[in-house]
Amino acid sequence: MNTSGKCIWAAGTAALLFILPGPAVACPHCNIHNYLGSSVKSSTNIFEATILREIDEKTAEVEVTKTLRGGHKAGGKVQTVMYGGKNHIGKKFIFSDPTSWPPKFEVLPLECEEEILFLLQKEPAIKDMKEGVRVVQMISVQAQGAGRKYIEEHHEAAVPLLIAELNSLAPQVFSTNEVFFGEYRLGKLFEALLVKPTDAGKQYVLGQLEVLTKRGSSGVDWKSIPYGATSRGVFLRDILKEAQKQKELSPLVLKRMQEIYPALAGLELADATYAMVLSGSEKIETLQAKAAAADKKDPFALGLYFAGNYASSWWAHEQAYKCWDAAAEHAVNLELRKKIAERIKDSEGFFKRPEKTNKPPDENRKNEPRPVN
């Protein structure tokens, strides 16, 4: 799950409360995208309320301000699941009582109201293209899928609205981490734009690549190394990945990226490395030859560090180790080398990679006849 902004949700029987200030990735089998729909639909009561006090570490008393489903009346006081309630006194959230198989989400931010109402419909229907563009950006796979289907069926009319929404949302996401699910929304809008080939879609993609050539180079604060790529890097990853699905567009995008990549430096080079590796546009070995200069080694390694962290978050451990190993090989900066080593050590404590053995051939077997295929 790629999220930006504040997401407050309770997951599973533990009903853990998470407040995510920036990008995060969740297990693909238990993330909010897959299970928000079942959590909402299995709830008898869904209501907005203000937190009055903490009763215990997992329960709070709240005052209802608006009911989305169920019998709670505005002004009524309710005891409900809320971890860390004392830290949110006076704040308002959406509360529910899901009975679905975990993970489930008892506490959600107010930004989820439109999606909850959409999911509560017996047969969710999209009225017009403006709603379709909003729905395709929603959190759950159920809502997002409905939006994508509607847009696919009316794609020609959708393209101008999708591009306008991308142009409006992207600057907000790139400039702050406070946009609700900003990176995810950008990715889903872009997927919808490229669901069918269009000249406008092609020009949008090529235009986004040209932005890379005009941005210059952003320095890296090596004393405060980020965990993952910037929002621009995440969006570039999505662009490269989706463009590969179009026969005409794919070679154009790859050729332009191959031209742009050697001229990049700093954080832009790190983001591009991350994006190209994770999208499968280029192999690490190919990119490292283009980033051989001394001033490019650390940004190149940083991009691989980002890519390894992302792959690990989705349990792609072999890919993660490949990225981290290459990052460790090329990193010069001591702080970066330390970060990479710590990440490898932490991962091996959870998922140890197979031992590599280089045993000499067995003398008794080396002359045995080999099977003929």
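The values are calculated or read from the model by the stated rules, or taken from the named source; none is laboratory data. Not measured: the values here are computed from a predicted model. Positions of Cβ are backbone-derived with ideal geometry, glycine not excepted, and every protein chain shown enters the neighbour counts.
What the table shows:
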| quantity | calculated |
| --- | --- |
| Hits in the range 304-326 (condition: of a type in the set (A, V, I, L, M, F, W, C), closer than 25 Å to Glu183 by Cα and in a helix (DSSP H, G or I)) | Leu304, Phe306, Ala307, Ala311, Ala320, Cys323, Trp324 |
| Residue in the range 66-111 that is surrounded by the fewest Cβ atoms within 10 Å (Cβ to Cβ), counting only those that are in a strand (DSSP E or B) and charged (D, E, K, R) | Lys77 |
| The one condition in (1) surrounded by 16 or more Cβ atoms within 10 Å (Cβ to Cβ); (2) more than 23 Å from the chain's Cα centre (by Cα); (3) in a helix (DSSP H, G or I) that Ala146 fails to fulfil | (2) |
| Residue match in the range 155-177 (condition: among the charged types (D, E, K, R) and either in contact with a Gly (Cβ under 8 Å, 6 or more places away or on another chain) or not assigned by TED's automatic domain parsing to the domain that holds Tyr305 (or both)) | yes |
| Matching residues in the range 47-65 - criterion: being touching a strand residue (DSSP E or B) at 6+ places or on another chain (Cβ under 8 Å), charged (D, E, K, R) and in a strand (DSSP E or B) | Glu48, Arg53, Glu54, Glu61, Glu63 |
| Inter-residue pairs, beta-carbon under 8 Å, first farther than 19 Å from Glu111 by Cβ and in the range 65-91, second in a helix (DSSP H, G or I) and at pLDDT below 95, 6+ apart | none |
| Residue in the range 124-135 that is surrounded by 15 or more Cβ atoms within 10 Å (Cβ to Cβ), more than 15 Å from Asn34 (Cα to Cα), within 21 Å of the chain's Cα centre (by Cα) and among the acidic types (Asp, Glu) present | no |
| Tally, over the range 213-269, of residues that are at negative phi and outside any helix (DSSP H, G or I) | 22 |
